[in-house]
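**Q** Take a look at this one; I'll ask things after.
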Amino acid sequence: QVHVVESGGGLVQPGGSLRLSCAASGSIFSITVMGWYRQAPGKQRELVAQITSSGTTNYADSVKGRFTISRDNAKNTVYLQMNSLKPEDTAVYYCSTDSRSSLATLPTRYWGQGTQVTVSS
């Protein structure tokens, strides 16, 4: 089993910044893809950003140029630096990790419990 914990959410004014962190622990042989998703009230969960173990990144068009995803493979941790925040970025942000428990197993996606980000004046 893998345990995923996010931190760093909160209330910020428009134009401000926040940094989210997510750490995975447990039966981890390797993590392929780590990512951030978000879900606003009344909307479906959507991809914000992903990063592979080699550092290849993918961003939603709505956050390109404002958000930066990074990871520390040694610590099984992923970060999301969010700058120039807008009210429409308000959502619960979820971390995902695609983790393998051994070389012989396929990756399984695990989710964190979510952290609230509110952008408001």
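The values are calculated or read from the model by the stated rules, or taken from the named source; none is laboratory data. In this text the structure is predicted, and so the values were computed from the model without any measurement. All Cβ positions, glycine included, derive from the backbone under ideal geometry; neighbour counts span all protein chains shown. Note: areas computed on protein heavy atoms with side chains; ligands, DNA, RNA excluded. Shrake-Rupley method; radii C 1.70, N 1.55, O 1.52, S 1.80 Å.
**Q** So which residues in the range 48-76 are loosely packed, with under 15 Cβ neighbours inside 10 Å, of a type in the set (D, E, K, R) and farther than 21 Å from Ile28 by Cα?
**A** Correct list: Asp61, Lys64.
**Q** Further question on the same structure: I need the full set of residues from the range 23-35 which are among the hydrophobic types (A, V, I, L, M, F, W, C) and in a strand (DSSP E or B), in order please. Lay out the reasoning, then the answer.
**A** At the first step, the residues of the range 23-35 found to be among the hydrophobic types (A, V, I, L, M, F, W, C) are 23-24, 28-29, 31, 33-34.
Passing the criteria: Ala23, Ala24, Ile31, Val33, Met34.
**Q** Then there is this: Out of the range 13-30, which residues are open to solvent by less than 50 Å² (accessible area, probe 1.4 Å), more than 15 Å from Trp111 (Cβ to Cβ) and modelled with pLDDT of 95 or more?
**A** Gly16, Leu18, Ser21
**Q** Are any of the residues in the range 77-93 surrounded by fewer than 16 Cβ atoms within 10 Å (Cβ to Cβ) and aliphatic (A, V, I, L, M)?
**A** No.
**Q** Separate question: Please go through the range 57-79 and give me each residue that is part of a helix (DSSP H, G or I) and either of a type in the set (Gly, Ala, Ser) or touching a Lys or Arg at 6+ places or on another chain (Cβ under 7 Å) (or both), ordered by number. First the steps, then the outcome.
**A** Our first condition is that a residue be part of a helix (DSSP H, G or I); within the range 57-79, this holds for 61-63, 73-75.
Passing the criteria: Ser62, Ala74.
**Q** Just give me the residues in the range 36-56 being among the hydroxyl-bearing types (Ser, Thr, Tyr) and either assigned to a strand (DSSP E or B) or without any contact (Cβ under 8 Å) to a residue 12 or more places away in the chain (or both), in sequence order.
**A** Step one: filter the range 36-56 for residues among the hydroxyl-bearing types (Ser, Thr, Tyr), giving 37, 52-54, 56.
Once the filter is applied, which keeps residues that are among the hydroxyl-bearing types (Ser, Thr, Tyr) and either assigned to a strand (DSSP E or B) or without any contact (Cβ under 8 Å) to a residue 12 or more places away in the chain (or both), the range 36-56 yields Tyr37, Thr52, Ser54, Thr56.
**Q** While we're on this one: Can you give me the number of residues within the range 94-114 that are surrounded by fewer than 18 Cβ atoms within 10 Å (Cβ to Cβ) and under 14 Å from the mean Cα position of the chain (by Cα)?
**A** Going residue by residue through the range 94-114, those that are surrounded by fewer than 18 Cβ atoms within 10 Å (Cβ to Cβ) are 100-109, 111, 113-114.
Right, trim to under 14 Å from the mean Cα position of the chain (by Cα) and you get 109, 111, 113-114.
Here the count works out to 4.
**Q** Would you confirm whether or not the range 5-21 contains a residue that is touching an Asp or Glu at 6+ places or on another chain (Cβ under 6 Å) and under 28 Å from Leu103 (Cα atoms)?
**A** No, the range 5-21 has no match at all.
**Q** Taking into account only those residues within the range 31-47 that are closer than 21 Å to Thr57 by Cβ and at pLDDT below 95, which is surrounded by the most Cβ atoms within 10 Å (Cβ to Cβ)?
**A** Only one residue fits best here, namely Ile31.
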